[in-house]
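To start, the structure under review is shown below, and the notes come after it.
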Amino acid sequence: MSSYFANSREFAINKLTVSNNNYISEGDALQYLHKHSATSAMHDSEERYPPPLCHEGTREVVVSRIEGWYGFEIPPEKKIMWVHAPAGYGKTAVAGTVSKNMESRTDLDFNPVGATFFFWRTSDERNSPARFIITLAYQFTISIPELAPHIER
């Protein structure tokens with residue numbers, strides 16, 4: 001294999017943009033996303049079964065606040081809710097409870113759980129920023145099919 005820089009001396013690259021404009025068809029894009037996503041980080045992952053949930057009567061205020069944020073009648077002011085709290089607070093159980101509650105709603109004609117990602121510090125798959133983005137893109141492509149053409153680009 002020959003080098004692009006064979007026998008090169010004293011040169012500098014100041015600004016470099018590399019673009020790969022290969023088109024991936026819809027089926028291929030979904031397969032690509034699935035192959036590279038962290039499926040174990042999704043709320044309905046078998047790896048997380050049974051999922052951590054809040055005990056009956058606990059964390060009701062925070063669960064209610066998150067479910068109220070969804071804003072089925074009035075769209076939320078902020079489009080993304082980032083749930084954060086100190087280690088050990090129960091964020092995973094709260095998110096699992098909210099996901100379960102939202103999925104079980106029968107008064108909606110859609111699944112309000114667009115995408116989820118449950119981080120896990122000791123898992124290479126569930127602690128990767130790249131996999132985080134790919135996993136959300138994969139789930140959004142499935143839960144909101146209208147986004148597929150935009151995600152494919």
(message) For a quick check of your reading of the model, give me the residue pairs whose first member lies in the range 29-51 and is touching a residue at least 12 places away in the same chain (Cβ under 8 Å), whose second is of a type outside the set (Ser, Thr, Tyr) and in a loop (DSSP other than H, G, I, E, B), with beta-carbon atoms closer than 6 Å and at least 6 apart or on different chains.
(response) 41/117; 41/118
(request) For the range 50-82, enumerate the residues that are under 21 Å from residue 119 (Cβ atoms), surrounded by 11 or more Cβ atoms within 10 Å (Cβ to Cβ) and of a type in the set (Phe, Trp, Tyr). (result) 69
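Would you confirm, using the coordinates I've provided, whether residue 147 is in a loop (DSSP other than H, G, I, E, B), aliphatic (A, V, I, L, M) and in contact with a helix residue (DSSP H, G or I) (Cβ under 6 Å, 6 or more places away or on another chain)? Walk me through it before giving the result.
Details: in a loop (DSSP other than H, G, I, E, B): no; aliphatic (A, V, I, L, M): yes; in contact with a helix residue (DSSP H, G or I) (Cβ under 6 Å, 6 or more places away or on another chain): yes.
So residue 147 fails the test.
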(request) Please indicate, with yes or no, whether at least one residue in the range 91-101 is without any contact (Cβ under 8 Å) to a residue 12 or more places away in the chain, farther than 25 Å from residue 137 by Cβ and out of contact with any Lys or Arg (no Cβ under 7 Å at 6 or more places or on another chain). (result) no
(message) Report every pair of residues separated by at least 6 positions or lying on different chains whose Cβ atoms are under 7 Å apart, first residue within the range 123-143 and without any contact (Cβ under 8 Å) to a residue 60 or more places away in the chain and surrounded by fewer than 22 Cβ atoms within 10 Å (Cβ to Cβ), second of a type in the set (Phe, Trp, Tyr) and assigned to a loop (DSSP other than H, G, I, E, B).
(response) 127/119; 127/120; 136/117
(message) Which count do you get for residues in the range 83-103 that are closer than 16 Å to residue 41 by Cα, surrounded by fewer than 16 Cβ atoms within 10 Å (Cβ to Cβ) and either hydroxyl-bearing (Ser, Thr, Tyr) or under 16 Å from the mean Cα position of the chain (by Cα) (or both)?
(response) 1
(request) Count, please, the residues in the range 104-122 that happen to be surrounded by fewer than 16 Cβ atoms within 10 Å (Cβ to Cβ) and either of a type in the set (Val, Ile, Thr) or at pLDDT 90 or above (or both). (result) 2
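The values are calculated or read from the model by the stated rules, or taken from the named source; none is laboratory data. These numbers were taken from a predicted model, which means no experiment stands behind them. FYI the Cβ positions are ideal-geometry reconstructions off the backbone, even for glycines, and counts take in every protein chain you see.
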